[in-house]
Each structure stands twice: as C-alpha cells, then as structure tokens.
1. Please give the per residue volume of the convex hull enclosing the alpha carbon atoms of the stretch 34-262, rounded to a whole number of Å³.
2. Using the alpha-carbon centroid of each, what span in Å lies between the stretch 71-131 and the stretch 144-158?
3. Compute the normalised compactness of the stretch 156-258: alpha-carbon radius of gyration over 2.2 N^0.38 Å, N being the residue count.
4. For a quick size check, give me the Cα extents of the stretch 54-94 along its three principal axes, largest first, whole Å.
5. Too long at a 31 Å Cα-Cα cut-off: which of Lys103/Lys155; Lys37/Lys243; Lys37/Lys256; Lys145/Lys248?
6. Could you state the principal axis extents of the C-alpha atoms in the stretch 34-122, from the largest down, to the nearest angstrom?
Amino acid sequence: MRCSTELESGSIGSNLGPEGRIMRSDERYIHIPNTMKRVLVLLPTLDEAEGIAEVVPRIPKGVLQQAGWEVRILVVDGGSDDGTIEIAESLGCSTLRQYGKGKGAAMRQGFSIFLQGECDALVMLDADGTYHPEEIPRFLRGLEKSDVVVGDRLKGKMDPDAMTRVNYFGNHLLTWCAVALYGVAMNDLCSGYWAFKRPSIAMLNLNSMRFEIEAEMYTSCAMEDLKMTHIPIRYSSRLGEAKLGSVKDGWNILRKLLVRRIFKTPPQTTPGEGNLNLD
Ligand SMILES: Nc1nc2c(ncn2[C@@H]2O[C@H](COP(=O)(O)OP(=O)(O)O)[C@@H](O)[C@H]2O)c(=O)[nH]1
Ligand SMILES: [Mg+2]
C-alpha cells in the first residue's frame, strides 16, 4: 500500500509561506502496514548542533516499531546558524524554519503541522540532551490510559548538575502556583517532555511565544478537562548553551498562569494554531 505522510512536502509546504516552508522531507511516501499507528516526535531547536546529533539517533525507532508505532521526526528551528538543520536532515528528520522567534511559537507551528497530517500521537522534547528519548515508549504506553502524559523531572532521577538551584526552586514555586490557581494536579509545570493523543492537541488553545508555552499547555489541558498523567523521568545536563533566562522567563510563566486564569481563551486563536493562524 502507498501511504502519504503528514510530512510530505507538497501538501504541507503549499500551506506555508516562504519563511515557514518545509525545507526538506526525506520520505515523500512510506509503506505503513494498516495496523501501525504513527507518532510525530517534535524537536524545537535553536543552535543545537551538538544536542540534535546526540538526541535523534537515540530515539528508539526499533522498540517503537515493535510496539506498533511508526516514527516521524520534525525539527522546528528558530534560525540556527551552527549547522543544526543540516545535521537534522542528515539524520533523516524533516525540518522547518519557524515563523517568528521563540520556543512557544515554534511548538505551536509544530502542533499546527501535526494537525494537518495523520499522525495519531505527538511527543515533544527539547533537543539539548537533557531529556532521554529512550523513554518515549513509556510516554506512549501512558497515553493508553490518558489524554496527555507529562514527564516529571522533579520526582525523577536528576543528574547533579542538570538544574541550577534557582531553576529547581523556581520550577517548584511555579508548579505550586499553577496547582493553586487551577486546582488540577501537576508535578513539573516547566517540563519540556510531553506526549499527546491527537484529539488532545486539537483542543489546545495557545498563544505563547517563548518558554511560557508549557505552562499554557497545562492551563489549556486543565480548562479542557483533559486527563493528564505524570511519569517520573530522567533529567541530565544540557549540551550546548541554554536559551532560557531564569528570572525573565520565570516571570513570563507566572504572568501567563495569571492571565489565562482570567481570560480563558487567548485572543486571535483557533484550536491548535494559537495566534499563528497563517491564513
Ligand atoms: N525553534 C526554536 N527552538 C528554541 C528557541 N529557543 C529555544 N529553543 C529550543 O527549545 C529547547 C529548550 O531550550 P533551553 O534553552 O534548553 O531551555 P530550558 O530547557 O527550558 O532551560 C531547546 O531544544 C532549544 O534549542 C527558539 O526561539 N526557537
Ligand atoms: Mg533545556
């Protein structure tokens, strides 16, 4: 059987402007047995050459295939000039130069592309070597009983230098604020390792531009009553340089929690597109 994928450049590229075009897709057509489900692994990158070279080969495609999952990898890049895109493409990833700037904008663009395609689930993780791609099968197993699975670094096994004291304290504080404001369980608000069933992505209403995206994902899941499961994960020191500024981004995250508590739907938003409605 000949089966087109969501990453077939013709169908997606034609929906995007020149800046947001799909730059290359290795697999225009793939053979997928009818019983296989498809997962899109979404990796945001900004000058992450070292990280992407480490993370992509560690995605356990074989294990996932045995569990019935066909894997697609999409790198949404924020304008790297260190060879990140070339490395990603050499490793068989599809790559996309995001509209605008910021991780939040990149993730929302990735979500929109996911919804244009036919994958059944989405897993997102940072491309800096902090999260362990080997744990993707645990996330997908978690989706059998819930709508969304969130990796919990704070109760998982964290390497000694993986998180600064300021960030550790800040993550606990922001998580506590989130639960106090929304009354829905959350263990690690700023985790960048999440998995979603397809309909869950379609229900998210997001307009974050930067690192407040995960907090907004939580608020949206809480307001849509999606069932979230939390699984402890490993967390390691990053490769390359951090882009997050602890105080500035911490404040943005808190502000997002407060704003979304009052204004439930962000302005200029359609589901899955946030304010990046590209029409
Ligand atoms: N596409 C895109 N990715 C970004 C941007 N800023 C950061 N990232 C990626 O988002 C992930 C998390 O960034 P990082 O600096 O590690 O922040 P932290 O993990 O929250 O401390 C990494 O994979 C970065 O390369 C951006 O502006 N655009
Ligand atoms: Mg990181």
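1. Details: hull volume 25.9 nm³, N = 229.
With only Cα atoms used, the stretch 34-262 gives 113 Å³ per residue.
2. Cα centroid to Cα centroid, the span is 21 Å.
3. Working: Rg = 13.7 Å, N = 103, 2.2 N^0.38 = 12.8 Å.
Ratio of Rg to 2.2 N^0.38 Å for the stretch 156-258: 1.07.
4. Over the stretch 54-94, Cα extents along the principal axes are 36, 16, 13 Å.
5. Values: Lys103/Lys155 25 Å; Lys37/Lys243 34 Å; Lys37/Lys256 34 Å; Lys145/Lys248 36 Å.
From Lys103/Lys155; Lys37/Lys243; Lys37/Lys256; Lys145/Lys248, over 31 Å: Lys37/Lys243; Lys37/Lys256; Lys145/Lys248.
6. Here the spans come out as 39, 26, 16 Å, largest first.
Any read-out appearing in this document is the output of simple, stated calculations on the displayed coordinates, not a laboratory observation. None of the values given here were measured: they were computed from a predicted structure.
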